[in-house]
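The values are calculated or read from the model by the stated rules, or taken from the named source; none is laboratory data. Values in this document were obtained by computation on a predicted structure and should not be read as measured data. Cβ atoms come from the backbone with ideal geometry, glycine included; neighbour counts cover every protein chain shown. Side chains are part of the model used for accessible areas, which takes the heavy atoms of the whole protein and leaves out ligands, DNA and RNA. Shrake-Rupley method; radii C 1.70, N 1.55, O 1.52, S 1.80 Å.
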Amino acid sequence: MRILIIEDDETIARQLSGYLEEHGFVAVVSRDGEDGRYLGLEEEYDAVLLDLGLPELNGISVLETWRAKGVAVPVIVITARTSKLETIRGLEAGADDYIHKPFDLGEVLARLRSVIRRGKQQLKRELSYQDVVLDSGSGKVFAAGHYIKLTRIEFLIVQYLFHNQGKVVSVTELSEHVYRDFDRDSGIIARHIANIRKKIGTHIICTEGNRGYLIPYDNDKS
Ligand code: CA
């Protein structure tokens with residue numbers, strides 16, 4: 001299990017990483033928001049401990065960026081006990097849980113295990129169709145049990161369709177999600193879909209006429 005700790009206080013970061021490694025985790029420490037944001041986007045972790053008061057970029061912005069880009073890794077925010085507002089903002093930005101400073105290390109461990117477990121359950125229940133599984137926590141797609149290497153854009157498309165499973169998603173909506181504020185020609189999404197189909201199979205993403213694309217639910221699922 002790999003845990004990303006984004007914490008600028010050296011003592012706290014060392015305490016956390018030492019404790020987690022004693023308990024069998026691999027802990028990666030980042031000391032500022034910009035670096036942490038980058039690591040969360042580019043690397044795979046089972047969970048993140050995210051301090052909110054950080055140099056370069058605050059924790060809320062880090063979390064908002066991840067969630068906007070579809071990074072679904074479980075996140076526990078670390079907030080000051082006195083700041084209820086910070087806690088609320090953290091949860092609104094997409095945190096799965098929070099702990100207050102000063103914290104008990106045993107409690108951190110218990111909460112970490114809990115968010116990781118919840119994340120895994122959610123994944124099993126929601127993000128699969130036939131032989132294709134999307135692991136949002138690790139940012140990986142598997143087809144027939146094999147890891148499929150997708151580009152960042154391809155992954156975002158598959159992830160967005162899975163998050164909207166059972167619903168038709170228009171090309172415009174996909175394009176807005178994937179490219180944010182850029183205006184792209186609509187053919188580019190079709191080209192990405194064609195490439196994805198080559199990698200994961202043609203049966204996973206259905207074309208719904210001019211309306212858009214769809215990943216259906218399995219028939220045997222409730
Ligand atoms: Ca701090």
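Under 20 °C and 1.002 mPa s, how fast does the chain diffuse according to Stokes-Einstein, given a Kirkwood radius computed over C-alpha pairs? Answer in µm²/s, whole number.
116
Please give the contour-minus-distance gain from Glu208 to Asp32: 0.36 nm per residue of separation, less the Cα-Cα distance, rounded to one decimal in nm.
Values: separation 176, 0.36 × 176 = 63.36 nm, distance 4.44 nm.
My answer for the length gained is 58.9 nm.
In the stretch 1-108, which trypsin sites (Lys or Arg not before Pro) are in a loop and have at most 13 other Cβ atoms within 10 Å, using DSSP for the loop call? Mind dumping the intermediate values first?
Details: sites: Arg2, Arg14, Arg31, Arg37, Arg67, Lys69, Arg81, Lys84, Arg89; in loops: Arg31, Lys69, Arg81.
Those that pass, being in a loop and sparsely packed, are Arg81.
Suppose each label sits 7 Å from its Cα in the direction of the beta carbon; what would the Arg113-Phe142 distance come out to in nanometres?
Modelled inter-label distance: 2.3 nm.
About the Cα centre, and with charges only on the beta carbon of Lys, Arg (+1) and Asp, Glu (-1), how big is the dipole of the stretch 126-214? Nearest 20 debye, please.
Values: 11 positive and 10 negative charges, 63 e Å.
Using Cβ point charges on Lys, Arg, Asp and Glu, the stretch 126-214 gives about 300 debye.
Once the Cα atoms of helix 152-163 and of the chain are each reduced to a long axis, what angle between those two axes, in degrees from 0 to 90 to the nearest 10, is obtained?
90
Any idea what the alpha-carbon Rg over 2.2 N^0.38 Å comes to for the stretch 2-119?
Working: Rg = 12.5 Å, N = 118, 2.2 N^0.38 = 13.5 Å.
So the Cα radius of gyration is 0.93 times the expected 2.2 N^0.38 Å.
Once every DSSP H run of n ≥ 4 in the chain is given -39500 (n - 2.57) and the sum is divided by its residues, what mean residue ellipticity at 222 nm do you get, rounded to the nearest 500 deg cm²/dmol? Don't skip to the end; give the middle numbers.
On the way: 8 runs with 99 residues, N = 222.
That calculation yields -14000 deg cm²/dmol at 222 nm.
Counting only heavy atoms of the protein chains, get the accessible area per residue of the stretch 126-214 (1.4 Å probe) and round it to a whole Å² value.
On the way: 4540 Å² over 89 residues.
Counting only protein heavy atoms, the per-residue value for the stretch 126-214 is 51 Å².
Would you work out the charge dipole size for the stretch 1-79 about its Cα centre, treating the Cβ of every Lys and Arg as +1 and the Cβ of every Asp and Glu as -1, and quote it to the nearest 20 debye?
Details: 6 positive and 16 negative charges, 55 e Å.
Rounded to the nearest 20 debye, it is 260 debye.
In nm, to one decimal, how far is the modelled label at Val168 from the one at Arg152, with both set 7 Å along Cα→Cβ?
Distance between the two pseudo-spin positions: 3.2 nm.
Have a look at Leu174, Thr82, Val115 and report the one farthest towards the positive end of the charge dipole of the chain, computed about the Cα centre with Cβ charges (Lys/Arg +1, Asp/Glu -1).
The Cα lying farthest towards the positive end belongs to Leu174.
Calculate how large, on average over all directions, the projected area of the Cα convex hull of the stretch 126-214 is; give the answer in nm² to one decimal.
Values: hull surface 21.8 nm².
Answer in nm², one decimal: 5.5.
Which of Lys84/Lys167; Lys69/Lys101; Lys69/Lys199 have a Cα-Cα distance over 32 Å? Write out the running numbers ahead of the final one.
On the way: Lys84/Lys167 37 Å; Lys69/Lys101 28 Å; Lys69/Lys199 22 Å.
Over 32 Å apart, Cα to Cα: Lys84/Lys167.
Quick one: length gained pulling Ser61 to Met1 fully straight, 0.36 nm per residue minus the C-alpha distance? Let's see the in-between values first.
Working: separation 60, 0.36 × 60 = 21.60 nm, distance 2.50 nm.
Extra length from Ser61 to Met1 when fully extended: 19.1 nm.
Could you give the dipole magnitude of the chain about its Cα centre, charging the beta-carbon of Lys and Arg +1 and that of Asp and Glu -1, in debye to the nearest 20? Show your work: numbers first, answer last.
Details: 29 positive and 34 negative charges, 180 e Å.
About 860 debye.
Which one of Val48, Tyr98, Ser17 is farthest out on the positive end of the charge dipole of the stretch 2-119, using unit charges on Cβ (Lys, Arg +1; Asp, Glu -1) and the Cα centre as origin?
Of the options given, the answer is Tyr98.
On a full-extension model of 0.36 nm per residue, what is the gain between Asn195 and Lys120, subtracting their alpha-carbon distance, rounded to one decimal in nm?
On the way: separation 75, 0.36 × 75 = 27.00 nm, distance 2.78 nm.
Difference between extended and current length: 24.2 nm.
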